[in-house]
Amino acid sequence: MATHDTIRRITHRIAERSAISRRCYLENMAKAAASGRNRTKLACANLAHVAAATDAAEKRALLTANVANIAIVTAYNDMVSAHQPFERFPALIRDAARRHGAVAQVAGGVPAMCDGITQGADGMELSLFSRDTIALATVVALSHNAFDAALYLGVCDKIVPGLVMGALGFGHLPALFVPGGPMPSGLPNPEKSRIRQLYAEGKVDREALLDAEVRSYHSAGTCTFYGTANSNQMLMEIMGLHLPGASFVNPNTPLRDALTAAATTRVIALSPPRNEAVSLCRILDERAFVNGIIGLLATGGSTNHTMHLVAMARCAGIILSWDDFADLSSVIPLLVRAYPNGNADINHFHAAGGMGYLISTLLSAGLLNDDAETIMGTGLEAYTEEPWLDDGELAWRPAASTSGDDTVLRPAAAPFQPTGGLSLLSGNLGRAVMKVSAILPQHRVVKAPARVFASQSALLKAHASGALEQDFIAVLPFQGPKACGMPELHKLTSALGALQDRGFRVALLTDGRMSGASGKVAAAIHVTPEAVDGGLIAKIRDGDLLVIDPENARLDVLVDDEILAERVATAMPETNCFGTGREYFAHARNTVGSAETGASYVAPVWLATPD
């Protein structure tokens, strides 16, 4: 079917908006490609260092120009469950490379922190900034200029966006992203959420809470709820950077290992001297980023990607805006119900048909740019297939033609709702985003007095004391990137959810973030301009009447303009910017961009015309 007119129009609009910056970026990539294979340009001593630690056969290969050298950039660590499986991947990749006459080397590692560990703690103030640190580490890993292509090993929240941002700095190289896969299903997500809420209400003790959490997060692999980490994997597949069907195969299984080896084979095919397909800079164009947004909307993915996709795109010279997300949301149906948008986890989604079915039904409805380039060539048809082991050998077959569970995954012709469930709110408070797909319709619009808090802990303390038994909108200013690194405020969900369940009208308004697993309670987040930038959110006082209305895309404080003009903005609370490494990121807080421009302190703008 022909691509939907709105999708074509928005894709064209982005291309026009980005014409100068995109041309500048591509010209720089063309210069890098025109300089020839990097390893052949190295002086003898430099090349000797590249090969020094390899065995005799690889040393001979690296000293010649007719063998591909594949960079491995890995986010391995063995504390974060999603990244622990990557410990085995370099050996699998090196073995596959040798079998195909190539060499693979770990070019570098990048940090991989876990928001689940730092949630509500001081370390969360480093979380968003870790994305740009990962981009920088990726660039450093590739700066040796000794590689013909790259494999990127990452899964979780900031890691994949950071890897993409850094990889685009070497966008003239072929690239392929290699996932680790989700852990098997544990305690069902609704039960985990129920126990968290009971704990917030003081009805169960810490031992019961810890037992539930351990049964939820119980083995190696990605957490199974559909948060930012699994949204990352969906994006890499629908944007054409994974092997088809690779995103949600469990780790440490024969199929997972076969896919890792096949990723190596494929990237070798993309590399000199073979050059079967396009480089990363051509794959990640405006068509791919629009497809990524469509995937995010169709699956009810993480709101963090209203920043991450913007920052990633800017590294490719492409300028996205929140209006693009909102306009696409008006025509993209919601096709997936996975926690927090439903009860299922990512394994249930995969079993119901997964990415192959999702991409197939979107294509059949004309709801993707079907001519986008991928690591498999032009078009997304290859991504309507799923991998399997045929007598021990990796093969692909057509994905399911019908959903295996229509409570989890539906066709575009019979969606859960006709829109993507992401709203852009605007009003006298500025602009914000709101994920409505995870909120029951009766809880989406909230008009209530403000209760202003200086911190998460202040709100939780008020809740524990019984001081929040009323309708209210919790206001947390000074949570933006410039103020304190934009920590997630997910710990508020249980307290606010408990109040909502008792019949109160509650919501959250903040220039900070919520988790990719946020939902249930209306939350206008990423408010821009943020408080520290003069945003009106800093002038809200207790009792001011606020309106959060995604149905009419409104975000307002109902106070006369004259009164607001006379008010002095609340001063930023005294914060401790020392400890847990926060002092090392003062430069990031001072230079970071707004949430709407990606909240990045390193992403190139590519607006200057090259010499």
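Every read-out reported here was derived from the displayed coordinates using simple, explicitly stated rules and does not represent laboratory data. What you see is a predicted model, and the numbers here were worked out from it, not measured in a lab. Positions of Cβ are generated from backbone atoms using ideal geometry, with glycine treated the same way; all protein chains shown enter the neighbour counts.
A Förster distance of 30 Å, applied to the separation of the beta-carbon atoms of Thr407 and Ser457, puts the FRET efficiency at 0.20. Name the residue from Met29, Ala48, Thr64 whose Cα lies farthest towards the positive end of the charge dipole of segment 1-64, charges +1 on Cβ of Lys and Arg and -1 on Cβ of Asp and Glu. Positive-end residue among those listed: Met29. Across the alpha-carbon atoms of segment 157-236, the computed radius of gyration and Dmax are 17.2, 57 angstrom. Ellipticity at 222 nm from helices only: DSSP H runs of n ≥ 4 in the chain, each -39500 (n - 2.57), divided by the residue count, give -11000 deg cm²/dmol. Dipole orientation for the chain: of the candidates Gln197, Leu492, Cys315, Cys315 has the Cα lying most toward the positive pole (charges on Cβ; Lys, Arg +1; Asp, Glu -1). Computed from phi, the 3J(HN,Hα) profile of segment 459-467 under the Karplus parametrisation 6.51, -1.76, 1.60 (θ = phi - 60°) reads 5, 5, 5, 5, 5, 4, 7, x, 8 Hz, with x in place of Gly and Pro. Distant-in-sequence amide contacts of Leu409, defined by a placed amide H-H separation under 5 Å and a gap of 5 or more residues or a different chain, comprise Arg337. Using the Cα gyration tensor of segment 423-597, with a ≥ b ≥ c the square roots of its eigenvalues, what is the shape: rounded (a/c below 1.5), prolate (a/b larger than b/c) or oblate (neither)? Verdict is rounded for segment 423-597.
Charging the Cβ of each Asp and Glu at -1 and of each Lys and Arg at +1, and nothing else, the dipole of segment 423-597 about its Cα centre rounds to 540 debye.
Its Cα centre serving as origin, the chain has a Cβ charge dipole (Lys and Arg +1, Asp and Glu -1) of approximately 820 debye.
Shape class for segment 362-513, computed from the alpha carbon gyration tensor (a ≥ b ≥ c): prolate, with a/c not under 1.5 and a/b above b/c. Spin-label model, Leu255/Trp388: points 7 Å from Cα along the beta carbon direction are separated by 0.9 nm.
Modelled spin-label separation between Thr6 and Ala30, with each label point placed 7 Å from Cα along the Cα-to-Cβ direction: 3.6 nm.
In terms of overall dimensions, segment 315-392 has a Cα radius of gyration and Dmax of 15.4, 49 angstrom.
Remark: the Thr40-Ser321 segment gains 97.1 nm on full extension, using 0.36 nm per residue and subtracting the alpha carbon distance.
Cross-link check: pairs Lys203/Lys447; Lys461/Lys482; Lys31/Lys59; Lys447/Lys539; Lys447/Lys482 evaluated at a Cα-Cα cut-off of 22 Å; pairs beyond the cut-off: Lys203/Lys447; Lys461/Lys482; Lys31/Lys59; Lys447/Lys482. Placing +1 on the Cβ of each Lys and Arg and -1 on the Cβ of each Asp and Glu in the chain, which of Leu459, Thr74, Pro340 has its Cα farthest towards the positive end of the resulting dipole? The residue sitting farthest along the positive end of the dipole is Thr74. Each 5 Å bin, from zero up to the one with the longest distance, holds this percent of the alpha carbon pairs of segment 199-264: 3, 14, 18, 18, 15, 9, 8, 7, 6, 2, 0.
Net charge dipole, segment 10-74: roughly 240 debye, given to the nearest 20, about the Cα centre with Cβ charges of +1 for Lys and Arg and -1 for Asp and Glu.
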